[in-house]
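Chemist: Below you will find the structure I want to go over with you.
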């Protein structure tokens, strides 16, 4: 038994750790969750030897207003190589209630772990930064997502300072009406929960537990006032989502894109390019024959 917690008081003290239930024992792991971490941290001490590499292409975080959610435990998966290539030919999409649904067959699941189920610890910050730590404390991945709620955190932070003189109803609304959340997720009703569903201020995002890539993103029509409800209300084997707003409910049906049209368009584009290259090459290589001299000459 162990306890997993997150702290975000400042950049140096912003970390996630797993503590054993035995008093006085050393932490099972302790890893930074605010500081930007590059995927090379898995192999070398990037933060020590190449500290600027961690900040390339990453969002700048205001640690004064950053707030964490309780950590999420998802079933551990076989993590892919840090060198990733996403062609975007297949994927998931969220459509409205009456959208057309497609029936697909899931890929075969990996073999079970010899020691039984193991879990990854996923830490989510209000800035949208998500960090995954393996069952033995190893760093898996870290990404910046659109599932953030920094606008709400900033108002709450300003309300705690004497200089804040805005309308207090904003703070009341954020405390009582807006609810960010993070929870384990599976696209199928009885599938393995190896994904993370994050509900932020503007959107809802599903991340793959394997490499942190975005499985799908949904822009919310309103600010949610409770965690999302997952259920197969369309009876197609996929987990659908109900968002609770202050004045209404929003239902979304999950479907999987086959990638047929994307593949077709890509194939046509490649074919057109090859045809143009062939015509251009032929014009450069084929030259007109010289005209024969007239017999009168």
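Chemist: Could you list all residues from segment 185-204 that are part of a strand (DSSP E or B) and surrounded by 19 or more Cβ atoms within 10 Å (Cβ to Cβ)?
Modeler: Within segment 185-204, 185, 195, 196, 197, 198, 199, 204 meet the criteria.
Chemist: Which residue is surrounded by the fewest Cβ atoms within 10 Å (Cβ to Cβ), if the candidates are limited to segment 214-227 and must be part of a loop (DSSP other than H, G, I, E, B) and modelled with pLDDT under 90?
Modeler: Among residues in segment 214-227 that are part of a loop (DSSP other than H, G, I, E, B) and modelled with pLDDT under 90, the one surrounded by the fewest Cβ atoms within 10 Å (Cβ to Cβ) is 221.
Chemist: Within the group 207, 230, which residue is surrounded by 19 or more Cβ atoms within 10 Å (Cβ to Cβ) and part of a strand (DSSP E or B)?
Modeler: So the residue among 207, 230 that is surrounded by 19 or more Cβ atoms within 10 Å (Cβ to Cβ) and part of a strand (DSSP E or B) is 207.
Chemist: Would you check which residues across segment 1-28 are modelled with pLDDT of 80 or more, over 17 Å from residue 124 (Cβ atoms) and not in a loop (DSSP other than H, G, I, E, B) and list them?
Modeler: 19, 20
Chemist: Is it fair to say residue 143 is at pLDDT 85 or above, in a strand (DSSP E or B) and within 16 Å of residue 228 (Cβ to Cβ)? Talk me through it step by step, then tell me what you get.
Modeler: Details: at pLDDT 85 or above: yes; in a strand (DSSP E or B): yes; within 16 Å of residue 228 (Cβ to Cβ): no.
No; evaluated as a whole, the condition is false for this residue.
Chemist: Based on what the data block shows, is residue 236 in contact (Cβ under 8 Å) with a residue 60 or more places away in the chain, part of a loop (DSSP other than H, G, I, E, B) and either over 19 Å from the mean Cα position of the chain (by Cα) or loosely packed, with under 13 Cβ neighbours inside 10 Å (or both)?
Modeler: The answer is yes for residue 236.
Chemist: Okay, moving on. Within segment 256-278, identify whether any single residue is part of a strand (DSSP E or B), surrounded by 14 or more Cβ atoms within 10 Å (Cβ to Cβ) and modelled with pLDDT under 80, and answer yes or no.
Modeler: Scanning segment 256-278, I find at least one residue that is part of a strand (DSSP E or B), surrounded by 14 or more Cβ atoms within 10 Å (Cβ to Cβ) and modelled with pLDDT under 80, so the answer is yes.
The values are calculated or read from the model by the stated rules, or taken from the named source; none is laboratory data. Since this is a predicted model, take the numbers as computed values, not measurements. All Cβ positions, glycine included, derive from the backbone under ideal geometry; neighbour counts span all protein chains shown.
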